[in-house]
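The values are calculated or read from the model by the stated rules, or taken from the named source; none is laboratory data. Quantities reported herein were computed from a predicted structural model and do not represent experimental measurements. Heads up, the Cβs are rebuilt from the backbone with ideal geometry, glycines too, and the neighbour counts pull from every protein chain shown. Note: accessible area is taken over every heavy atom of the protein model, side chains too, but ligands, DNA and RNA are not part of it. Shrake-Rupley method; radii C 1.70, N 1.55, O 1.52, S 1.80 Å.
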2 protein chains.
Amino acid sequence: MSNLFADLPTTLVSEQFDVLLSAGSVRIERIVSTGQSSPPGFWYDQSEAEWVVVLQGAATLRFESEDRQVELKRGEHVLIPAHVRHRVEWTTPDEPTVWLAVFYVEQG
Amino acid sequence: MSNLFADLPTTLVSEQFDVLLSAGSVRIERIVSTGQSSPPGFWYDQSEAEWVVVLQGAATLRFESEDRQVELKRGEHVLIPAHVRHRVEWTTPDEPTVWLAVFYVEQG
């Protein structure tokens with residue numbers, strides 16, 4: 001047992017990823033950002049689908065195909081299908097941003 | 001897009017379950033309790049594993065086999081393997097308790 005909101009770093013060189021569960025086709029991670037964004041020109045292109053919610057802080061995701069931005073405040077969630085290229089455009093520098101991400105293998 | 005902390009009922013006859021994602025072997029639900037507990041003598045006996053976190057409020061789970069209680073405060077999570085019989089012993093009457101549950105099929 002641990003707490004999603006415990007042991008939150010306040011400054012990080014890069015985002016911190018903690019695997020909370022890894023079981024077959026499902027993985028749950030806590031991600032903590034302290035103002036980081038993805039490097040310029042970098043896009044995530046994942047083989048798994050990702051359902052992700054911001055539980056503290058705030059963030060902006062950008063999706064390449066539609067050049068669409070999605071702002072995520074506390075409690076807001078989004079589904080990112082596999083291979084939908086996206087990046088973290090912004091996270092608030094005011095406090096740690098805590099994400100909870102559920103990765104899973106899409107079934108054809 | 002919706003918000004986990006939006007549209008929280010303050011009084012409910014029974015717990016409210018909202019499916020946020022259902023995709024093959026994974027299902028994500030928001031559960032809201034407003035002081036409810038499981039009926040006397042009732043035990044959940046689920047064919048899926050459940051990873052669950054309390055995001056607001058507080059709750060107590062009881063596990064039948066060890067007659068063990070687990071108190072969950074904001075941010076605390078627990079993994080309930082398939083067919084591990086458990087019940088909700090208590091949720092706080094002071095505010096809505098918001099759970100996020102990830103159900104998945106265990107792989108043998």
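Summary of computed values
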| quantity | calculated |
| --- | --- |
| Computed label-point distance, nm, for sites A:V78 and B:E71 using a 7 Å Cα→Cβ extension | 3.8 |
| Stokes-Einstein diffusion coefficient of the protein assembly as shown, Kirkwood radius over Cα pairs, 25 °C, 0.890 mPa s, in µm²/s | 135 |
| Centroid-to-centroid separation of region A:22-48 and region B:1-51 [C-alpha atoms, Å] | 26 |
| Residue-wise HN-Hα coupling along region B:29-43, computed from phi with Karplus coefficients 6.51, -1.76, 1.60 (Hz; x: Gly, Pro) | 10, 9, 10, 10, 10, 10, x, 5, 9, 5, x, x, x, 7, 10 |
| Average other protein chain Cβ within 10 Å of Cβ, residues B:67-78 | 3 |
| 5 angstrom amide H check on B:I80, placed H, neighbours 5+ away | B:E50, B:W51, B:V52 |
| Minimum 10 Å² accessible area buried by the other protein chains, region B:1-15 residues, probe 1.4 Å, relative to alone | B:M1, B:S2, B:N3, B:L4, B:F5 |
| Area projected by the alpha carbon convex hull of region B:16-104, averaged over all directions, nm² | 5.3 |
